[in-house]
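Heads up: the structure comes next, in C-alpha cells.
The values are calculated or read from the model by the stated rules, or taken from the named source; none is laboratory data. No experiment lies behind these values; they were computed from the predicted model shown. Cβ sites come from the backbone with ideal geometry, for glycine too, and all protein chains shown count toward neighbours. Side chains are part of the model used for accessible areas, which takes the heavy atoms of the whole protein and leaves out ligands, DNA and RNA. Shrake-Rupley method; radii C 1.70, N 1.55, O 1.52, S 1.80 Å.
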Amino acid sequence: MLDGLANKLQKILRNLSGQGRVSERHVEETAREIRNALLDADVHFKLAKEFVERVKQRALGQEVIQSLTPGQQVIRVVRDELVELLGGEQAGLSFSRQPPSVFLMVGLQGSGKTTSSAKLARWLSKNNHTPLLVSVDVYRPAAVEQLRVLCAAHRLGWFDDPGDQDPVSRAEKGLRHARNGGYDVLIIDTAGRLHIDDEMMLELDRIRKATSPVEVLLVADAMTGQDAVRSAREFHEKMGLTGVILTKMDGDARGGAALSIKSVTGQSIKFVGTGENVDALEPFFPDRLAGRILGMGDVLSLIEKAEDAVDREQAEAMAEKIRKDEFTLEDFRDQLRQIRKMGPLEQILGMLPNMGPLRGLGQMKVDEKELIHIEAIIDSMTRTERRNHQILNGARKKRIARGSGRPVSEINQLLKQYVETRKMMRSLSRGIMPRLMKGMKFPR
Amino acid sequence: MFFKKSSRETPEKKAGLFERMKKALGATKESLVGRIEAVLGSVPAIDEGALEELEGTLLGADLGVRVTDRVMGAVRAAHKKGEIPSPDAARGVIRNQLLEILEVPELGGVEGSGTRPEVWMVVGVNGTGKTTTVGKLASRLTGEGRRILICAADTFRPAAIEQLAVWAERSGSELIRSRIGGDPSAVLHDALSAAEARATDLVLVDTAGRLHTKSNLMMELDKMRRVAGRKVPGAPHEVLLVVDATTGQNGLVQAREFTRATGVTGLIVTKLDGTAKGGILFGICEELGIPVRFIGIGEALEDLLEFSPESFVDSLFR
C-alpha cells in the first residue's frame, strides 16, 4: 500500500515544487487518490468526500508547495486530520459510583460480542476489578455455553440460570448476583441482532432499562463496509452507546469503518480486539489506526524520520522489500552499513522503545567489531547465496568460513539473526510499528 | 426462471421463495436500488451532478472503487453516445453491468458427478456465519432427499461443536465430532470413513473461522484438503467461502487469500436480511470469477436460498 497512496501522490506532485502554482489538475488528481484510498479502507463515501474537501483546503496551501516532498506532506496532513477525527485522545471506561457498574455489550451477529465480553472481563480483572459475566443470548445455539467455557478456562466470574430463558430476567438475576457476590462490574453479553429488527431492539432496550448500564459498548467488526454508518447510527439512537470495541483488528482490514462509527455516534473507540486469545484486547490509539486506514502502517513514518540518515530512495525500496518479504542478506548488509553511518550502534539501539520484540535491546552491549565480522561473512558469500540463504549447506558454509576468517558457528549465528530480523521486520510492517514508534526518537 | 435448475420446488413454492427473497432483500433494495431510483427520479435528465450522485450510491453499497468505476464508465460512455435519453435508461445500463459481473461459470461443476460421498468444505473468517450456514445447508440438502453427514471440524471455538449439534438435530443429519482442541484433519478423516461406511451422499465440513492473514491456520485448511483428497478421490468437491454481507473491501482480500490457500469454488453471502448490500460480492466475482452459490437471509432453518444472478439483480431492481 505504500506504493499505493504514497507513490501515487508522489508521482502527481513530483513537479510541484519549483512551480509557481498548483494546477487544478494536480489538486483534483491528488484529491481523487486520497478519496480512493479512504474508500478502499471502507470509510463511508460521504465522509470520504467531506474529508477530501477539508484536506484540499489545508494540504494544498503554501505549506505543501514549499515542501521538498509534497506527496509525503499531503499524507502527513491527511493523517493528522484522520487522527483528529478519530478522537485524538484515548478514551477510558466509566464506572458507576455505586458498584456494580453494568456494561452492556451490543452489536450485529458475528461481530465478536462473546469473545470480547470475556476479553474485557479478563482485562478488568487484570486491572483490579472483579467482573461477573452473564449471557442473555438465548437464541444462538450454545452461545451461553461458549461464554461458560471461556469463563471457566480463564477463571472469570460467571452466572447462569439454565431454567430461565428470558433475556431481561436473566440480566436482572445477573445484576442481583453481582451485587450480592461483591462483584464491581457486570458484563452482559447480548445476542447479536440486526439494528432493523424492532422486536430485538426493543428487547435490548428493556434490558437497558432493567439494569441501567454505565457503559453500552457497540462491538463492531473492523471488516465492516459502508453499512457501518447505518448500523452504528441505529444502535446509537436506540441504545445510547457510550463506546465502541473494534474487533478482528489482527486481520488486514484497514478499519475505515471505525471512522464512520465515530463520526455518526460521536463515541470513542475504547478497545480493539487483536487476536483469538482472551488476552488480545488493547486500548485504542487513533494514530495507529490513521496510518492503517491510509494503508501504510508506520513504515512511512519510519522512512520520514530516518530520512536524514538514510538515502531516501533506498529506504523506500527497503520498505517495499520488507512488505513483500524479499529482504535478503544483501539488504541485511546494506542496513548494517547504513546503521553504522548513523552513529555508534549503542546509541541507536538506545533510541528504540523498550517494548515488544525490541524489549531489552537498548541495554544490549554491542561490539562494533562484530559488525565488521558480519560484513566479512556476507561479503564472502556468492551473490546467489546472499539472495537465497536457504541454499547454504555445510560445504558452502565451510567455504565462507575460510573466506571470511570466521568459524562456521558464527555463520550459523548470523543466519539465525538474519531470519529473526526478517521475521521481526515482517511483523513490524504489519502493525506492531505504531506501538514502537511511540517514543522513538530519531536524530534530526 | 428465478432459480437455477428449477430444483424440486413446485411453482407455488417457488413464488413463495421469491417473495421471501424479495422481502428479505427489501432492506438491501431500499438502500441500493431505492437510492438509485431516488437519484434518477429526481432529475429530468442525466447531468454531471446526477452521475456523481449515482457514483456515490454505488460506492455506498460496498461495490468498491474498481467495480464502481467500471459501471460508471459504461454509464458515462452510453451517456456520451446519447444512449441515455432518460434517467430510466441509465438503470438498464447499470443492471446489465451488474448482471454481467455476477454471471460467472461454475467452478465446481460436480452436481451429478456420481462420486460418493461428495465433500463440501465451508470456510471463512470469524463470525461470518459458517456454522449457521452449514446447519441450513444440511437442512436444504436433506430436504432434497440426500443423506447428509456433518463434520464438526471447528475444534477451536468454545461450544462450536455444541452449536453445530443443535443444527444437525434440527436438520436431521448425522454429526461426527471430536473434542475441543482436537486436530480438525483427524475429525475430517473420521467423518469421511464414517460417510463411506454409512453410504452417505454428502459430507458438509464446518471449519473454524480464521483470518486469512494467519498463515498457519490457512495451512491447516490446506492439510484438510489433502486429507480429504486422499480419502475420497476428487474431494473436496466444493470449497464454499462464507462472506458476511456487511463486509467491506476486505472481503476481496479474504476471497483472494482463501482461494489461494483452499481453491474456493463458490461463495455464500450471509446476513442479507440486514441493511448491508453485500456489494463486495460484485468485486469478488469480477476479480476472481467465483460464482455465488447461496445467500443467507435470516436465522431460520429455511433461510438459505440458492443464488441466481438474475433473481438477485432483479430483486434489487424491482
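When ranked by the protection proxy of mean other Cβ atoms within 10 Å per residue, highest first, what sequence do the peptides A:164-171, A:105-112, A:33-40 form? Intermediate results must be reported in sequence, preceding the final value.
Working: A:164-171: 17.5, A:105-112: 25.5, A:33-40: 23.6.
Ranked by mean Cβ neighbours within 10 Å, highest first: A:105-112, A:33-40, A:164-171.
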With a 1.4 Å probe and all protein chains left in place, how much of the accessible area of segment B:51-164 comes from carbon and sulfur atoms, in whole percent? 48 percent
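For segment B:39-168, how big is the tail of P(r) above 19 Å, as a whole percent of Cα pairs?
On the way: 5451 of 8385 pairs.
Distances greater than 19 Å cover 65 percent of the Cα pairs.
Figure the gain on full extension for A:VAL419 and A:LEU202 (residue separation times 0.36 nm, minus the Cα-Cα span) and round it to one decimal in nm. Please list the in-between numbers first.
Values: separation 217, 0.36 × 217 = 78.12 nm, distance 5.55 nm.
Length gained, A:VAL419 through A:LEU202: 72.6 nm.
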Rank by packing, highest mean first: peptides A:398-407, A:374-383, B:156-165, with packing defined as the count of other Cβ atoms within 10 Å averaged across residues. B:156-165, A:374-383, A:398-407
Name the residues of segment B:271-305, by number, that are at least 10 Å² less accessible with every protein chain in place than in the isolated chain; the surface is that of heavy atoms, probe 1.4 Å, without ligands or nucleic acids. B:LYS271, B:ASP273, B:GLY274, B:THR275, B:ALA276, B:LYS277, B:GLU299
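Provide the FRET efficiency to the nearest 0.05 for the A:LYS209-B:LYS81 pair, computing r from the beta carbons and using R0 = 60 Å.
Numbers: r = 60 Å, r/R0 = 1.00.
Here the calculated transfer efficiency is 0.50.
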Here, segment A:101-293 modelled as identical Cα point scatterers in vacuum has Debye log10 I(q)/I(0) at q = 0.08, 0.11, 0.15 Å⁻¹ of -0.23, -0.44, -0.83
Based on the Cα atoms of segment B:108-225, what semi-axes does the equivalent ellipsoid have, where each is the square root of 5 times one gyration tensor eigenvalue, given in whole Å with the largest first? 21, 16, 14
Protein-protein interface of segment A:24-51, residues with accessible area decrease of at least 50 Å², isolated chain reference, 1.4 Å probe: A:PHE45
Convert each backbone phi in segment A:118-135 into a coupling constant with the Karplus relation 6.51 cos²θ - 1.76 cosθ + 1.60 (shift: θ = phi - 60°), then list the ³J(HN,Hα) values in order as whole Hz, x for Gly and Pro. 5, 5, 5, 4, 4, 5, 5, 5, 6, 9, 6, 10, 10, x, 10, 10, 9, 9
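Need one value for A:265-277: mean number of C-beta atoms belonging to other chains within 10 Å of its residues' C-beta atoms. Intermediate results must be reported in sequence, preceding the final value.
On the way: counts 0, 0, 0, 0, 0, 0, 0, 0, 1, 0, 2, 9, 0.
So the per-residue partner count for this stretch is 1.
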Residue by residue through segment B:219-229, what is 3J(HN,Hα) from phi via Karplus (6.51 cos²θ - 1.76 cosθ + 1.60, θ = phi - 60°)? Round to whole Hz and write x for glycine and proline. 5, 4, 5, 4, 4, 4, 4, 5, 4, 4, x
What accessible area, summed over both chains, is buried at the A-B interface (1.4 Å probe, Å², nearest 100)? 3200 Å²
Please name the residues of segment A:184-230 whose accessible area, counted over protein heavy atoms with a 1.4 angstrom probe, falls by no less than 40 Å² between the chain alone and the full protein assembly. A:LEU194, A:ILE196, A:MET223, A:GLN226, A:ASP227, A:ARG230
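Which whole number gives the average count of other chain Cβ atoms within 10 Å of the Cβ atoms across peptide A:110-118?
Details: counts 13, 4, 2, 1, 4, 4, 0, 0, 1.
Mean shielding by partner chains, rounded to a whole number: 3.
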Enter the mean number of other protein chain beta carbons within 10 Å of the beta carbon of each residue in B:59-72, as an integer. 4
